[in-house]
Amino acid sequence: MKRIGILTSGGDAPGMNACIRAAVRVALSSGIEIMGIRRGYMGLITNDILPLTRDEVSNIIHTGGSILESSRCPEFETDEGRQKAATTLRNQGIEGLILIGGDGTFRGGAKMAEKIPVGIIGVPGTIDNDVYGTDFTIGFDTAVNCAIQAIDRIRDTARTFERVFFVEVMGHHTGFIALHAGMAGGADSLVIPEDRVGIEDICSRLQEGHRLGKKSAIVVVTETENPGYSYQIAQEVTRITGFESRVCVLGHVQRGGNPTAADRVLGTVLGASAVQALADGKKGVMVGIVGGKQKYTPLEDTWEKEKELNPRLRQLVQLLW
Ligand code: F6P
């Protein structure tokens, strides 16, 4: 393999730059040229591609976002768009492609690969952690740490005013961020898509806490299609219980900032593994870490199979309040 490409697509996640840096340095030291594709699949459609050098990836290991930028690219969802992208790959002589993103990114890449014999390797990068085939995705740990910093701060004011706070986190229809941030932040209750809790359940838990002497409470809520859903819950809970409530929607603050050590290490390991996988002739797989060991997962499993929340953590959050 002489020339490979790398791109980041979908929501950016802290640690993506560490991943790009590792991939570039491992590729160059193995005599493989590596091209950076800008703005995800948009860069393949518009031929926005640059060779990456060692210097280009200096001083980025500690930064959030993606030096290659990212996009959600509706044109790539069409057959015509994917054909344009495949033509660019052919013209550029790119034989292998590293995709850093989530299952939607991998699905699009796999469809494009039906048009051109390019080796595709996926690297799980999303704050949501909702990718099958890896225990953790790049960016998740940083997002959770961001959320618990917010919860810690909110706890101070919640306690002082004897209020119930609803802290809304991201997660793209899954409760990974809520579960981990809720546990680490000592939340009283979670509202996650995986548990169909109703308003009554939330109210009775808060009322029970009140009976046990709790003067304030924190409920961590996973955002829905429309961020801000917690305002409705808070209003209803106050109406039913009489507890004073406030809402804090964390939003995109969770997507930025310096990656934690865990995300830098994960990004680095997976970036290096992705290049190695291409050099070894692997294709159509995602590199991940499961139980501390490197694992290759067929790309289609990432969108066909669902990753489950850790049942032990779910059980403990129920107990520890
Ligand atoms: O997938 C990452 C994520 O941050 C989700 O948690 C969130 O639902 C979505 O992206 C927001 O997307 P956008 O930045 O396009 O609004």
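The values are calculated or read from the model by the stated rules, or taken from the named source; none is laboratory data. These figures come from a predicted structure and were not determined experimentally. As a convention, Cβ positions derive from the backbone with ideal geometry for all residues, glycine included, and neighbour counts pool all protein chains shown. Side chains are part of the model used for accessible areas, which takes the heavy atoms of the whole protein and leaves out ligands, DNA and RNA. Shrake-Rupley method; radii C 1.70, N 1.55, O 1.52, S 1.80 Å.
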Working from the pairwise distances between different alpha carbons, so that the mean of 1/r is found and then inverted, what is the stretch 72-122's Kirkwood radius in Å?
10.9 Å
Given the rule -39500 (n - 2.57) for each run of at least 4 DSSP H residues, summed and divided by the residues of the chain, what is its mean residue ellipticity at 222 nm, to the nearest 500 deg cm²/dmol?
-13000 deg cm²/dmol
Could I get the Rg over Rh figure for the stretch 65-197? Both from C-alpha atoms, Rh via Kirkwood, rounded to two places.
1.13
Could you compute how much accessible surface Phe161 exposes when probed at 1.4 Å, giving the result in Å² to the nearest 10?
120 Å²
Taking every pair of alpha-carbon atoms in the stretch 228-283, what share in percent sits in each 10 Å bin, from 0 to the bin with the longest distance?
19, 22, 18, 18, 14, 8, 1
Would you mind checking which residues have amide H under 5 Å from Val247's amide H? H placed 1.01 Å from N; only 5 or more apart, or other chain.
Phe166
With a 1.4 Å probe and all protein chains kept in place, how do Ile67, Ile37 rank by accessible area, largest first?
Ile67, Ile37
Whole-Å semi-axes of the stretch 199-321's equivalent ellipsoid, largest first, each the root of 5 times a Cα gyration tensor eigenvalue?
41, 16, 15
Derived scalar couplings ³J(HN,Hα) [the stretch 16-32; Karplus, 6.51 cos²θ - 1.76 cosθ + 1.60; whole Hz; x for Gly, Pro]
4, 5, 4, 5, 4, 4, 5, 4, 5, 5, 5, 4, 4, 6, 9, x, 10
Could you state the orientation-averaged shadow area of the convex hull built on the Cα atoms of the chain, in nm² to one decimal?
16.0 nm²
For the stretch 161-212, what is the charge dipole size about the Cα centre, in debye to the nearest 20, if Lys and Arg each add +1 at the Cβ and Asp and Glu each add -1 at the Cβ?
80 debye
Calculate how steeply helix 261-279 sits against the longest principal axis of the alpha-carbon atoms of the chain, using the helix alpha-carbon long axis, and give the answer as 0 to 90 degrees to the nearest 10.
30 degrees
For the stretch 74-204, what's the relative contact order in percent, using C-alpha pairs closer than 8 Å and at least 6 residues apart?
16 percent
Got a number for carbon plus sulfur as a percent of the chain's accessible area, 1.4 Å probe?
49 percent
Size of the stretch 156-230 along its principal axes in angstrom, Cα-based, largest extent first?
34, 25, 21
Taking a quarter of the surface of the convex hull around the Cα atoms of the stretch 4-93, what do you get in nm²?
5.4 nm²
Only sites in a loop by DSSP and with at most 16 other Cβ atoms within 10 Å count here; which trypsin sites (Lys or Arg not before Pro) in the stretch 19-84 make the cut?
Arg54, Arg72
Once you sort the root eigenvalues of the Cα gyration tensor of the stretch 1-47 as a ≥ b ≥ c, which label holds: rounded (a/c under 1.5), prolate (a/b larger than b/c) or oblate (the other case)?
oblate
Expected field for Glu300, accessible surface area in Å² at 1.4 Å probe radius, rounded to 10, holds 80 Å²
For helix 199-211, what angle does its Cα long axis make with the longest principal axis of the chain, in degrees from 0 to 90 and rounded to 10?
50 degrees
Surface accessible to a 1.4 Å probe, Trp321 within the full protein complex, Å²:
90 Å²
When the distances between all Cα atoms of the stretch 257-312 are binned every 10 Å from zero, what whole-number percent does each bin get?
20, 43, 33, 4
Going through the cross-link list Lys84/Lys307; Lys2/Lys115; Lys214/Lys307; Lys115/Lys293; Lys111/Lys293, which pairs have a Cα-Cα distance over 24 Å in this structure?
Lys84/Lys307; Lys214/Lys307; Lys115/Lys293; Lys111/Lys293
Roll a 1.4 Å probe over the protein chains and send me the accessible area per residue for the stretch 153-296 in Å².
49 Å²
